[in-house]
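First the structure, in the form of structure tokens, and then the observations on it.
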Amino acid sequence: MKKIQILLMAMGVALTYSCNFTEEIHLKEDGSGKLSINFDGSELMQMAGEEMAKTNEKPVDSIISFRELLKDKKDSIAQLPPEEQAKLKKLEPFNMRMVMDPEKSVMMFDLFSDFKDVSEMNDAFSTFQDASAIGGNTNPQQEKIKPADQATEVNYSFKKNTFTRTSKIVDQELFQQQLDSLQGAEMFLSGSTYTLKYHFPKKVKSTTVEEATFSADGKTLIYEVNFLDLMKDPSVLDLEVELEK
């Protein structure tokens, strides 16, 4: 249990070290599919592994069901303002797998969920951040849980053979605060990446992202950006993809 708490606290400082995120979507022709946001903190584990090894606990490989977690904490959630309850409600469809092994320098979070329409996954990265924080609240004495305020949101759409991912800043003041907090961290973040890996039911006909690469069958699009660039400008991952008919 202690290792899980340390692991989640590490997520809070992970952005000051080199880390890699992968946003992966498997999209079916009827619009349903699966979304996964994966965090690879292996480099962070290399730095923190010696300290974490002092806990003398076994490696962690566990899955959290947020549907069950929110059910267990429903009394605390009921005391929150309606807007915060709505944010927590967005966690309900998700599960999170956490893997940590200091000896092998492995640290991984994977937030995943099936969906009937990709728009159900709107603002998934913010959901990932909330899930990472709330998933670490394993102390039964810490009854109150609340999501963090987010400065941006991301929306997905798949209509008429066209997939889109768009982002917007919803709190300019908070966004500026986040930009200010990045000062001095550029050197650490320079090696961090955020990668889109989208699997489509048909071959990609065209996309607005010229730098994207594709699988041999043309159905998988891969697009990687520097994480620091993404933090400064969320629109760098905006894209439109048209599929062949």
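The values are calculated or read from the model by the stated rules, or taken from the named source; none is laboratory data. Computed from a predicted model, the values in this text were never measured in an experiment. Every residue, glycine among them, receives a Cβ derived from its backbone with ideal geometry; neighbour counts consider all protein chains shown. In case anyone asks, the SASA skips ligands and DNA or RNA and just uses the protein heavy atoms, side chains included. Shrake-Rupley method; radii C 1.70, N 1.55, O 1.52, S 1.80 Å.
Quick look at the values:
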item	result
Filtered residue count, segment 48-75, keeping only those that are over 22 Å from the mean Cα position of the chain (by Cα) and either farther than 24 Å from residue 88 by Cβ or at pLDDT 95 or above (or both)	11
Members of segment 203-245 that are small (Gly, Ala, Ser), in contact (Cβ under 8 Å) with a residue 24 or more places away in the chain and either in contact with a Lys or Arg (Cβ under 9 Å, 6 or more places away or on another chain) or crowded, with 16+ Cβ neighbours inside 10 Å (or both)	212, 235
Among the residues listed as 28, 34, the single one being in contact with a His (Cβ under 8 Å, 6 or more places away or on another chain) and at pLDDT 85 or above	34
Some residue of segment 169-186 being open to solvent by 30 Å² or more (accessible area, probe 1.4 Å), farther than 22 Å from residue 38 by Cα and assigned to a strand (DSSP E or B)	yes
Any chance residue 203 is farther than 21 Å from residue 19 by Cα and of a type in the set (Lys, Arg)	yes
Criterion (more than 20 Å from residue 119 (Cβ to Cβ) and at pLDDT below 95) met by exactly one of 181, 206	181
Candidates 92, 120, 173, 153 - the one that is in contact with a Phe, Trp or Tyr (Cβ under 7 Å, 6 or more places away or on another chain), among the acidic types (Asp, Glu) and modelled with pLDDT of 85 or more	92
Every residue from segment 193-235 that is farther than 18 Å from residue 156 by Cβ, among the basic types (Lys, Arg) and within 22 Å of the chain's Cα centre (by Cα)	232
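A quick yes/no check of all residues on (1) open to solvent by 40 Å² or more (accessible area, probe 1.4 Å); (2) at pLDDT 55 or above; (3) of a type in the set (D, E, K, R):
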| residue | (1), (2), (3) |
| --- | --- |
| 5 | yes, no, no |
| 12 | yes, no, no |
| 16 | yes, no, no |
| 19 | no, yes, no |
| 22 | yes, yes, no |
